[in-house]
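J.: Structure provided below as structure tokens; questions to follow.
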Amino acid sequence: MKVVHYLNHFFAGRGGEASARIPPERIDGAIGPGAGLGLDVDYTLMCGDDYFAENEDSAIEALLGYLAEELPDVLVCGPAFAAGRYGYACARLGRAAAMADIPAVAGMAPDNPGVLASEGWVYIMPTGSTVVAMDPALKKLTQLATVLGSGEQVGPPEQAGYLTLQRRVNQLVAQTGAERAIAAALSLIGGGAVTEIEPSHIDFIAADPIADVSKATIALVTESGCVPRGNPDGFRTHDARSWHRYPIGNLERLDSEGFEPIHAGYDGRFAADNPNRIVPLDAARSMERQGDVGHIHDELFTTTGNNTSVAMAVNFGQEIAEALLSAGVAAAVFTAT
Amino acid sequence: MTSCEESALTYSWLMSEPAPLDGNQDTRRVPPLRLRQWQIDDVVEGAGTAVDAGTLIIDRIGLEGALSDRYPAVGSVGIDLVKPGDPVRVNGVLDAVAPSYKPNAHREKRGTGITHRLNGVNLLSVCRIEPDPGRESPDGDSILDFGGPAARYSPFSAQNAVIVTFSPPKGVTTSAAALDTEVRDATHWLANELVAVVKGTPDTEAVYRLEKAPGKRSRIGVVIETGSEGPLLDTYLEGTPLSEVAPTVIDPRAIIDGALTNGAYDYAGLRHPTALYQRSTLLQTLLEGHGDRFDFAGTVLALAYLNNLDDKRRAADRAAELVEDMHADVVIVASFQSGNSHSDTMLVIDACAARAIPAVGIIAETGHGLLDHSEAARSLISAGDEDALVPGWGPDAIFGERLLLDGTPADTARPFPIVAHLAAVSQLGDTRLRAVTT
């Protein structure tokens, strides 16, 4: 059985965040956690998490290219635990491999955004949230990879232990959408509801109220794509692959010479003229001076919420929340477009 | 009659009066719409434009010259002909228009009287229009494959095509709106000319009436959501941007008769090209079934992509109010584009539910499902998953723009998401695509 293992830059031993932009590479044999898989790993693929996130299409193309040179029987990705970018990369590579008829299994925590991003194409084995759970995670991956790679029938989720796969695929049917809609309309009148799309599950989470806002540090967070003029970090106008934080601690307000909107989802002329329309720093400062809030956090957290995938947005939200908590921020004003 | 001609009509002629309180529909003496159609099985180049025994003959050089002369802002014009199955890709498609002509336009308003139409052929306009400074280009490549795996998805791949490529002169300052108006006017003029030459007996005549028929039947209303966000992202009702008039009731026969023109060029797969309004399967099926299986209560044009939640709620409430005024027992809501328009669709469904009018939504999914949902949305028809990849295919020839938006050659064999293929995930209900769970 030919096995290929995918790791990110960190688990491949290439370093921390500074190495997150390493492009895809192929390494002979097993490295890092791959040695603990209990499988004969032919070669390992590696990519920096940030590189993958910011260059998904070309990263996948390169990685699929390696796979095509020596086709494996199964691709094992991760485990990524709770690492959002790593889980996303595992899921998207696994999805692309599965679409190319290479069975793929990935390990990650059940709330990792990669679960969504796999779109049902990858067998996701649930793991713990941290590397402490490495041993049981590797055992699970090995078990399912062995079944997949040998061509055996995979059992149902409750037996084989993977998260339930829900994949939506396109199909041509006999009737047009119009014919089906009219039939559904007549059915509704008769009391029966015919639906082809089940409701999406959307979590609504209520945070605890702040005890004393006048003492709290409040951060400004936005998906309006408000960035320093010149777009130094190359934000995309849609399908964002990154978020950034920019210093605003010494500013009373944003001005059009210092900031601009990078976003294709709304008419940016008014925001370009006065960026406080999308990030209300002027109003926030006023409240700070008046003592209505304790302090405005000295960084702006920004991304572009236009056609950005839900999985990617979940990833951003988790990372931004961690950064806010580390900075002692009690609440955020989030401006959406 | 084309949209470019001086018209004595104002859009108010097109609006149905609200149904009288007794529920009778359209008791006025309104002439029916008689759609006389000639089936076109082939398109060829010839000495003079004509229709002969199912063949549309195009005087290519004559028409190219006429277009350039009448509409100088569009620059040079190239006309190409494509048949279903040809190994051809058309790149940079703006709109598809069904060739139509009203021989009595001077005295018959749209939606009534006689209209001549060619079936089996569409006019495809191609032009790269640069957005005005400070505005973004519409998103996404716009391709139409007549061969290969994507050909089965777009309703236009199965029909003949007359492709008109406009190449505006460089260095000339023309606003995007002005150039787009010229391109649309030129396209509709040509769509008119192709049919004006038709003589003889049509192959079929469909007669659309909306008078109240005896007996009681369930009344089905329709809400068509559209976008009207400004130049290159607009929809026009008799030349007026819909943002100035919607939500509004409109006689569905007027839509079939060409009252709506597409000028919204985002995401080709989700686009409502003009021809989909003209040939609307949903509206034609409801009109044909009117007075038999059900009554067609009427049509509301509503706006999606309004800028804030208050505007969205107000527009949804007004659309639902209009649906209620037409005494609909149930409404079909056709969504538009994607993303935050999922919220618009759900708000309309909610507003109708608040008036005890259940709704069916026709909606395209992203790879992750819908981006909004409502408890009232118990009946949704899938138009397909817009993010699904279609296997790659390299055409033998490219018509239209040579390069994709990212600057790479358009004859690439790489896979595209289905949303790049013109009208492949149309939410007007014309395709046979749906997404299923595996």
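What follows is calculated from the coordinates using simple rules that are stated; it is not laboratory data. Since this is a predicted model, take the numbers as computed values, not measurements. Don't worry about glycine lacking a Cβ; one is built from the backbone with ideal geometry, like all the others, and counts go over all protein chains shown.
J.: Name the residue from A:Q166, A:P199, A:L148 whose Cα lies farthest towards the positive end of the charge dipole of the range A:123-200, charges +1 on Cβ of Lys and Arg and -1 on Cβ of Asp and Glu.
T.: Positive-end residue among those listed: A:L148.
J.: Hey, which aspartates and glutamates would be in cross-link range of B:K83, C-alpha to C-alpha under 13 Å, not counting anything within fewer than 8 residues on its own chain?
T.: The qualifying aspartates and glutamates are B:D41, B:D42, B:E45, B:D145.
J.: How much of the calculated P(r) for the range B:177-263 lies past 16 Å, in percent of all Cα pairs?
T.: Roughly 67 percent, once rounded to a whole number.
J.: At a temperature of 20 °C and a viscosity of 1.002 mPa s, determine how fast the range A:95-224 diffuses translationally according to Stokes-Einstein, using the Kirkwood radius over alpha-carbon pairs as Rh; express D in µm²/s, rounded to the nearest whole number.
T.: 111
J.: In addition: For the range A:1-76, take the convex hull of the Cα atoms, compute a quarter of its surface area, and give me that in nm², please.
T.: Seen from a random direction, the Cα hull of the range A:1-76 projects 4.5 nm² on average.
J.: Now, a different point. For chain A, state the semi-axes of the equivalent ellipsoid (square roots of 5 times the eigenvalues of the alpha-carbon gyration tensor), sorted largest first and rounded to whole angstrom.
T.: Working from the Cα gyration tensor, I get semi-axes of 39, 28, 20 Å.
J.: From the P(r) of the range A:290-337, could you give the percentage of C-alpha pairs in the tail past 14 Å?
T.: 58
J.: Right, here's the next one. Starting from the Cα of A:E257, move 7 Å in the Cα-to-Cβ direction to define the label point; list residues of the range A:219-238 whose amide nitrogen is under 20 Å from there.
T.: A:227-232
J.: Also, I was wondering about something else. Can you give the Rg and Dmax of the range A:104-175 based on its C-alpha atoms, in angstrom?
T.: Final numbers for Rg and Dmax: 14.0, 53 Å.
J.: Hey, got the average number of other protein chain Cβ atoms within 10 angstrom for residues in A:260-272?
T.: Partner-chain Cβ atoms within 10 Å, mean over residues of A:260-272: 3.
J.: Could you size up the charge dipole of chain B around its Cα centre, putting +1 on the beta carbon of Lys and Arg and -1 on that of Asp and Glu, and report it in debye to the nearest 20?
T.: For chain B, the charge dipole is close to 1080 debye.
J.: Within the P(r) computed for the protein assembly as shown, what percentage of the Cα pairs occupies the region above 53 Å?
T.: In whole percent, the share of Cα-Cα pairs in the protein assembly as shown beyond 53 Å is 16.
J.: Next up: Based on DSSP H runs of at least 4 residues, each adding -39500 (n - 2.57), what is the mean residue ellipticity at 222 nm of the protein assembly as shown after dividing by all its residues, to the nearest 500 deg cm²/dmol?
T.: Taken over the protein assembly as shown, the calculation gives -7500 deg cm²/dmol.
J.: Express as a percent, rounded to the nearest 5, the fraction of DSSP beta bridges in chain B (both residues included) that run antiparallel.
T.: Once the DSSP bridges in chain B are tallied, antiparallel ones form about 45 percent.
J.: Go ahead and collect, in residue order, the members of the range A:128-149 whose backbone nitrogen is under 15 Å from a label point 7 Å along the Cα-Cβ direction of A:M1.
T.: A:138-149
J.: Please list the radius of gyration and Dmax for the range B:229-286, considering alpha-carbon atoms only, with Å as the unit.
T.: Cα radius of gyration and Dmax of the range B:229-286 are 11.3, 32 Å respectively.
J.: Now, a different point. Debye calculation, C-alpha points only, no solvent: report log10 I(q)/I(0) for chain B at q = 0.08, 0.13, 0.14 Å⁻¹, in the same order as the q values.
T.: Computed log10 I(q)/I(0) values: -0.42, -1.17, -1.36.
J.: With respect to the cross-link table entries B:K109/B:K212; B:K102/B:K216; A:K2/A:K140, which display a Cα-Cα separation exceeding 24 Å?
T.: Beyond 24 Å: B:K102/B:K216.
J.: May I ask you to compute the full-extension gain from A:A216 to A:T164, defined as 0.36 nm times their residue separation minus their alpha-carbon distance, rounded to one decimal in nm?
T.: Separation in residues times 0.36 nm, less the Cα-Cα distance, equals 14.6 nm.
J.: To continue, here is another question. I need the GluC sites (Glu not before Pro) found in the range A:178-269, filtered to DSSP loop residues with at most 10 other beta carbons within 10 Å of theirs.
T.: When the GluC sites (Glu not before Pro) of the range A:178-269 are filtered for loop state and at most 10 Cβ neighbours within 10 Å, A:E257 remain.
J.: Write down the radius of gyration of the range B:157-203 and its Dmax, each obtained from C-alpha positions, in Å.
T.: My reading of the Cα-based Rg and Dmax gives 15.0, 48 Å.
J.: Starting from the 7 Å offset along Cα-to-Cβ, what nm value, one decimal, do you get for the label separation of B:K170 and B:E130?
T.: Taking the simple label geometry, B:K170 and B:E130 are separated by 1.0 nm.
J.: Moving on to the next point. Could you give the length gained on full extension between B:R355 and B:D372, defined as 0.36 nm per residue of separation minus the Cα-Cα distance, in nm?
T.: 4.0 nm
J.: Now a separate question. Rounded to a whole number of µm²/s, how large is the Stokes-Einstein D of the range B:378-438 at 10 °C and 1.306 mPa s, given Rh as the Kirkwood radius over C-alpha pairs?
T.: 119
J.: Evaluate E = 1/(1 + (r/R0)^6) for A:E70 and B:T55, where r is the Cβ-Cβ distance and R0 equals 51 Å; express this FRET efficiency to the nearest 0.05.
T.: E(calc), rounded to 0.05, equals 0.40.
J.: For B:K199, list the aspartates and glutamates whose Cα falls under 16 Å from its own Cα; do not include residues on the same chain fewer than 8 positions away.
T.: Partners within reach: B:D52.
J.: Moving on. Which GluC sites (Glu not before Pro) from the range B:182-245 combine a DSSP loop assignment with at most 16 other Cβ atoms within 10 Å?
T.: Answer in residue order: B:E211.
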